[in-house]
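What follows is a short report on a single structure.
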Amino acid sequence: MATEPAAPAADETASAPPAETSAPALAAAEAPPAAPTASVESSSQKKKKKAGVPPRRGKKLRNQLKNQKQRLSKDGTVPLKKALSTLKSMKRAKFDETIEIHMKLGVDTKQADQAVRGSVPLPHGIGKTVRIVVFCQGDDVAKAKAAGAEFAGGTDLIQKIQGENWLDFDVALAAQGMMGQVSRLGKVLGPRGLMPTPKAGTVIAANGDIAAAIKEFKAGKVEYRADAGGCVHAGVGKMSFDEDKLVENIAAFVEQVRASKPVGVRGNYIDSIFVSATMSPGIRVTV
């Protein structure tokens with residue numbers, strides 16, 4: 001007796017090949033992604049800007065700087081008082097700018113005996129609050145804090161600078177007896193110009209007066225040091241100072257640098273002197 005063929009199973013029907021996809025659907029699936037919008041393009045262009053490149057100056061500022069340059073080139077080298085009055089007339093910043101002095105010295109900085117470094121107390125200060133740290137121990141810690149030092153201590157401060165890279169101060173003073181330990185901070189403080197050194201007056205002798213040294217720097221004692229190009233730079237006051245006070249500060253600074261002339265220097269020691277403000281070009285003054 002012949003057996004009838006079995007009916008197809010339900011799962012076989014379900015596993016049947018799907019119907020062919022239409023051509024428009026395939027084209028849509030294979031199409032490349034849509035191009036980015038204009039806003040995305042603009043943001044990507046902003047990200048591609050090189051670091052350290054300032055934004056383009058406006059037309060008004062460009063014309064102002066151009067006029068200042070023409071005015072200064074026409075005046076040439078001028079007396080100090082006239083240079084200061086010119087700086088005040090060119091002020092455009094809203095904050096109280098720092099008046100700076102820049103001196104080009106005829107020294108060879110590659111020669112060890114022609115290094116120029118020191119400090120000078122300015123008669124009228126620099127118009128800035130100076131934060132001082134003093135490396136000392138014993139009774140000197142209390143004396144330093146009483147004289148106005150923000151921080152004073154010994155091993156604890158040294159470990160804090162080494163471990164935390166703490167540098168929340170502007171001037172570092174050290175008692176002579178502490179220099180053996182402070183010398184370990186040379187790699188941290190040296191590149192920032194904060195390392196205590198006898199040449200800059202920031203190392204206090206064993207019989208020295210710590211309170212007097214702190215008060216000098218608080219009153220406006222500034223350090224100077226010739227860079228690799230033989231130039232000395234320092235802040236000598238604020239734009240809000242009277243011209244007479246600025247003249248006295250600058251005169252005291254120049255005379256101190258002049259007195260620091262190394263023995264081995266031949267020819268002109270002071271080649272040129274420029275004064276400038278934070279947001280203004282430099283003006284050459286008569287030596």
Sparse-neighbourhood loop sites, trypsin sites (Lys or Arg not before Pro) in the stretch 119-224 - DSSP loop, at most 15 other Cβ within 10 angstrom: Lys128, Arg131
Gain on full stretching of the segment that runs from His233 to Asp96 - 0.36 nm per residue minus C-alpha separation: 47.4 nm
Percentage relative contact order, the stretch 168-226, counting C-alpha pairs under 8 Å, at least six apart: 38 percent
3J(HN,Hα) from dihedral phi, the stretch 202-212, Karplus parametrisation 6.51/-1.76/1.60, rounded to Hz, x for glycine, proline: 9, 10, 8, 4, 4, 9, x, 9, 5, 4, 5
Debye intensity ratio in log₁₀ form over the Cα atoms of the stretch 129-218, taken at each q of 0.17, 0.22 Å⁻¹: -0.61, -1.08
In range of the label at Gln68: residues from the stretch 245-278 whose backbone nitrogen is under 18 Å from the point 7 Å along Cα→Cβ: 274-278
Greater than 22 Å apart at Cα, pairs in Lys66/Lys88; Lys81/Lys104; Lys82/Lys215; Lys187/Lys238; Lys110/Lys199; Lys215/Lys238: Lys82/Lys215; Lys187/Lys238
Mean shadow area of the stretch 148-287 over all directions, Cα convex hull, nm²: 10.9 nm²
Approximate spin-label separation Thr129-Lys187, in nm, with each point projected 7 Å along Cα-to-Cβ: 3.4 nm
Average Cα contact separation per residue, the stretch 133-287, under 8 Å, 6 or more apart, as relative contact order %: 16 percent
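Every number in this text was worked out from the coordinates using simple rules, so none of it is lab data. The model shown is predicted, which means the values in this text are computed figures rather than measured ones. So basically every Cβ, Gly included, is an ideal-geometry build from the backbone, and we count neighbours across all protein chains shown.
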